[in-house]
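In what follows, a structure is listed as structure tokens, so that the remarks can point back to it.
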Amino acid sequence: MQLQDQSLFRQQAYIDGAWLDADSGQTISVNNPATGETLGTVPKMGGAETRRAIEAAERALPAWRALTAKERSARLRKWFELMLENQEDLARLMTCEQGKPLAESRGEIAYAASFLEWFAEEGKRIYGDTIPGHMADKRLIVIKQPIGVTAAITPWNFPAAMITRKAGPALAAGCTMVVKPASQTPYSALALAELAERAGIPAGVFSVVTGSAAAVGGELTGNPIVRKLSFTGSTDVGRQLMAECAKDIKKVSLELGGNAPFIVFDDADLDAAVEGALISKYRNNGQTCVCANRLYVQDAVYEAFVEKLQAAIARLKIGNGLDDGITTGPLIDAKAVTKVQEHIADATAKGAKVVSGGKPHALGGTFFEPTILVDVPKNALVAKDETFGPLAPLFRFKDEAEVIQMANDTEFGLASYFYAKDLSRVFRVAEALEYGMVGINTGLMSNEVAPFGGVKASGLGREGSKYGIEDYVEIKYLCLSI
Ligand code: ADP
């Protein structure tokens, strides 16, 4: 992989300020999903190396916690600036290991860096309270303190942002952190560690351990030094990690699966709704947990919407994300392709029709045609299960009550979207949707200043915004008798 600054391409793990191989010498190879080529390897570490990273985080904690918020902020700010200075290299690295087009990778680097900037600032505002006493001689005070040593397990779909969205608030609050990145996309994580070191983040404050998910994850959840785990990934794995964390009553933040409804009412601006659907459904090739998974379109505008969406996806250019003008890369792996195919086969067997795409792309590998299914019945698998691919299933609905019932009929509750103009309807629907986030007349709502997170089986806690740092502090109550 050719970068302007070749030292951002690290093939060793970063523990306690040192670049290391696995004790066993074993490695995992990392592939480019667009070409199938091997990019390199990373150490296949396990419990022992993870324990050392955790112990280093514990040793580093007192000095890091003792810095003023302003001192920690200066280093996070520097880390943010270094990410932007190296945006091009970081984007290239990400496209090579993840497959998303360069423009999206550049966007993710800016988005990822924004969490460091934001929390560098928010870290200075971890205010407590003074509470009017319940007795004349009592003074009650609330202070907030860092939780301590924290751990993060992150997915491959946003290889940089899912790390900074956790490490930003953790480090700003005075916590230390050990990260296990997804094995498909470790290089973005290791490049972040290189930049953290250059930014003056001390050894042990931020470590990145690559390797076996079960062994590294098992140590992160099983080691009592770790006081908190933040995880982004599938609901099944999240449930398992939460159960493992129950032993020590560790705090957990979980950003899990979604099954986002995208509703188009008959008073919507249809062109805007199509643009919103395009970005919400096909961004990152449908591989985000906030991607529209089920598109509900009201009877009167159904045909018109289908036609416009077909025209819109015809503009997508599929290919290697490093090439000019590409809007859509490959899927992450063969398993992802199989899932899209299963959802299509199930829906069509139950009466749905393919009107665009529907099969693997002529480019081969894990490329897949952007697909639209119409007349999808309510009992299709895709109504319940997250596709995580470029498949837009269109359901028809008659009225508001029916669509709200269908939209909420899922165990998930992360993102939801709807397009409408009637102001009363806008409020009614926004309040009725059982989701942590509602996009109204927009298909894109993630940013560092707003609280990202879900309800129901989509998770616990919020990331970003002024709320995000709350997940990394403990409340302590002081009762003073005078
Ligand atoms: P995805 O479907 O996005 O790959 P996963 O939940 O499988 O979601 O993976 C998200 C992250 O969780 C990855 O870093 C992966 O390595 C890690 N992971 C998967 N299984 C386990 C496990 N049993 N214990 C700890 N981490 C795991």
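Quick look at the values:
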quantity	calculated
Segment 47-74, residues that are more than 23 Å from P186 (Cβ to Cβ) and under 24 Å from the mean Cα position of the chain (by Cα)	S73
All strands (runs of 3 or more DSSP E) inside segment 179-276 with 1 or more residues being more than 16 Å from the ligand (Cβ to nearest atom) and closer than 30 Å to R65 by Cβ	206-208, 226-232, 251-255
Segments classed as strands (runs of 3 or more DSSP E), wholly inside segment 321-424, with at least 3 members that are at pLDDT 95 or above and surrounded by fewer than 21 Cβ atoms within 10 Å (Cβ to Cβ)	353-356
Given (1) part of a loop (DSSP other than H, G, I, E, B); (2) in contact with a Leu (Cβ under 9 Å, 6 or more places away or on another chain); (3) under 30 Å from A300 (Cα atoms), index of the condition K281 fails	(1)
Lone unmet requirement of (1) more than 27 Å from the chain's Cα centre (by Cα); (2) closer than 18 Å to L309 by Cα for T371	(1)
Qualifying positions in segment 113-163 - within 16 Å of the ligand (Cβ to nearest atom) and either assigned to a loop (DSSP other than H, G, I, E, B) or farther than 25 Å from V226 by Cα (or both)	T154, P155, W156, N157, F158, P159, A160
Qualifying residue in segment 260-268 (condition: closer than 30 Å to R425 by Cα, assigned by the TED database to the domain that holds V426 and surrounded by fewer than 22 Cβ atoms within 10 Å (Cβ to Cβ))	yes
Test: residue in segment 164-173 that is within 14 Å of the ligand (Cβ to nearest atom), within 29 Å of Y477 (Cβ to Cβ), touching a Cys at 6+ places or on another chain (Cβ under 9 Å) and not in a loop (DSSP other than H, G, I, E, B)	no
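The values are calculated or read from the model by the stated rules, or taken from the named source; none is laboratory data. If you're wondering where the values come from, they're calculated on a predicted model, not measured in any experiment. Cβ sites come from the backbone with ideal geometry, for glycine too, and all protein chains shown count toward neighbours.
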